[in-house]
Amino acid sequence: MSKSAVLLVLVALTVNVNGECDYPPYYDHTILREEHQAHSPSEFIEGFKVAYYCQSGYVRTAGSASITCINKMWSALTLKCERKSCGFPGEILNGNFHSGGGHLFGDEVYAECNEGYQLVGRGTRRCYADGWDGQVPLCEIVKCPDPPEIEDGEIMNLPSGNVVYSTAILYRCKKGVLIGNKELVCTAQGNYSSKPPQCEEFPLCPNPILENGRKEAGFGPIYNYNDVVSFACNHGYILNGSSWFITCKENGKWFPFIPKCDIVNCPDPPEIEDGEILSHGRVVYNTAVRYKCIHGSLEGSDKLVCRADGTYDKEPPQCVKRTLLNRFKNYVKETVSKVIHWWNRHA
Ligand SMILES: *[C@@H]1O[C@H](CO)[C@@H](O)[C@H](O)[C@H]1NC(C)=O
Ligand SMILES: *[C@@H]1O[C@H](CO)[C@@H](O)[C@H](O)[C@H]1NC(C)=O
């Protein structure tokens, strides 16, 4: 064997050992088929094909799975592997699944119950290569403890089973007056909306009497706690007090005070020239003020009556000097009014 022949064999051996392409490259989410993994690099010769597949949890969505050794280089892998979907995680009665991202491999969903329901079972599911782990949890309606009994009272609608979310329990007193809420509602937190009411006995309130007035509502005759009476004053009287309504309170007393009806006052009667007022003091509803002339004669009415609205029924009279002319004028006025009167009666 010549020297050159030995060299040729050596070169051929080297090529044989190294092949023509390097070991096939690594691509994300893919795995080289096992049969190729086992291959010795010496086989990766011109035209040789190796294939990939998608790793667990990923699915092929596009491209070719194989690459070829061409000109000592592997062709580019076109295979696309994407996270597989686990699909709908299941329906929860009275609840929902929420997810941070989606329903794909590696994602997690969280169960949430509607208001008034609570979770039974694990609240999360994770998407694995073979689907969702665990099971669909349950949302159970919230229960409240048995409603409390009350002294001197009873529950009107005691349910046969558990009291559940949003149920209202109604109380009634057998004795006394109900203080507090008569209705307790079972809340989403599993407790009641308020404390139970109490039945309390209070002294009766006395029959309220309003002089110069009357009751408009709340005629009694027995007045219990929280009973209301409303009043009105008679004609010519006005209310003196803070309210038309009074309420019977805890200690058997009326609140606010029983009002009074005060008689209506008229202002001081106006003075007149050359005349005087015969009555003195306060002028109240339905009383009269009398006038008298010092000289002269009185024109108009000598009597002013105080009305229910606090005004006088007429203008005050005038005192006119007793001259012949005035007497004549008066005579004519009286005669004319007599004639009109007669005429009105006979016409
Ligand atoms: C019911 O329970 C919640 C939470 O434990 C609490 O915040 C609330 O005050 C309770 N309500 C009543 C009326 O006790
Ligand atoms: C109401 O009555 C009180 C006492 O009874 C009296 O002092 C007061 O002046 C009256 N108020 C009015 C507005 O008349």
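Do we have residue 202 as closer than 25 Å to residue 255 by Cα, in a loop (DSSP other than H, G, I, E, B), touching a Phe, Trp or Tyr at 6+ places or on another chain (Cβ under 6 Å) and away from ligand 2 (no atom under 16 Å from the Cβ) here? Considered against the rule, which asks whether it is closer than 25 Å to residue 255 by Cα, in a loop (DSSP other than H, G, I, E, B), touching a Phe, Trp or Tyr at 6+ places or on another chain (Cβ under 6 Å) and away from ligand 2 (no atom under 16 Å from the Cβ), residue 202 comes out as yes.
Considering only residues in the range 60-80 that are exposed (fewer than 13 other Cβ atoms within 10 Å of the Cβ) and hydrophobic (A, V, I, L, M, F, W, C), the one that is farthest from residue 26 (Cα to Cα) turns out to be 62.
When the strands (runs of 3 or more DSSP E) confined to the range 138-196 are screened for residues that are surrounded by 15 or more Cβ atoms within 10 Å (Cβ to Cβ) and not aliphatic (A, V, I, L, M), those reaching at least 2 such residues are found at 138-141, 168-173. Cβ-Cβ contacts under 6 Å between residues 6 or more apart (or on different chains), taken from a first residue in the range 305-316 that is of a type in the set (Lys, Arg) to a second residue that is surrounded by 15 or more Cβ atoms within 10 Å (Cβ to Cβ), are listed as 314/301; 314/304.
Of 83, 33, all but one fail to be modelled with pLDDT of 95 or more, surrounded by 13 or more Cβ atoms within 10 Å (Cβ to Cβ), among the basic types (Lys, Arg) and over 30 Å from residue 167 (Cβ atoms); the exception is 83. Of the strands (runs of 3 or more DSSP E) lying entirely inside the range 230-347, those carrying at least 2 residues that are within 60 Å of the chain's Cα centre (by Cα) and within 16 Å of ligand 2 (Cβ to nearest atom) are 237-240, 260-263.
So the check is Cβ under 6 Å with 6+ separation or different chains; which pairs have a first residue in the range 94-108 that's more than 14 Å from residue 82 (Cβ to Cβ) and a second one that's basic (Lys, Arg) and open to solvent by 60 Å² or more (accessible area, probe 1.4 Å)? Close Cβ pairs satisfying both conditions: 108/126. In the set 263, 340, only one residue is of a type in the set (A, V, I, L, M), out of contact with any His (no Cβ under 9 Å at 6 or more places or on another chain) and in contact (Cβ under 8 Å) with a residue 12 or more places away in the chain; that residue is 263.
Take residue 111 and decide whether it is open to solvent by less than 60 Å² (accessible area, probe 1.4 Å) and either touching a Pro at 6+ places or on another chain (Cβ under 6 Å) or among the basic types (Lys, Arg) (or both). Here the answer is yes, as residue 111 does meet what is asked. For the range 208-218, taking the residues that are more than 37 Å from the chain's Cα centre (by Cα) and either within 16 Å of ligand 2 (Cβ to nearest atom) or open to solvent by 80 Å² or more (accessible area, probe 1.4 Å) (or both), the one that is farthest from residue 150 (Cα to Cα) is identified as 212. What is the number of the single condition among (1) within 30 Å of residue 124 (Cα to Cα); (2) in a loop (DSSP other than H, G, I, E, B); (3) of a type outside the set (Ser, Thr, Tyr) that residue 96 does not meet? All conditions are met except number (2). Scanning the range 235-252 for residues that are open to solvent by less than 60 Å² (accessible area, probe 1.4 Å), within 27 Å of residue 265 (Cα to Cα) and not hydroxyl-bearing (Ser, Thr, Tyr) yields 236, 239, 241, 246.
In this entry, residue 149 is excluded by the filter for residues that are free of Cβ contacts under 8 Å to residues at least 60 places away in the same chain and under 20 Å from residue 89 (Cα atoms).
The values are calculated or read from the model by the stated rules, or taken from the named source; none is laboratory data. Please read all numbers here as calculations on a predicted model, not as lab measurements. Ideal geometry is used to build each Cβ from the backbone, glycine not excepted, and the neighbour counts take in all protein chains shown. Remember, those area values only see protein heavy atoms, side chains included, never the ligands or the DNA or RNA. Shrake-Rupley method; radii C 1.70, N 1.55, O 1.52, S 1.80 Å.
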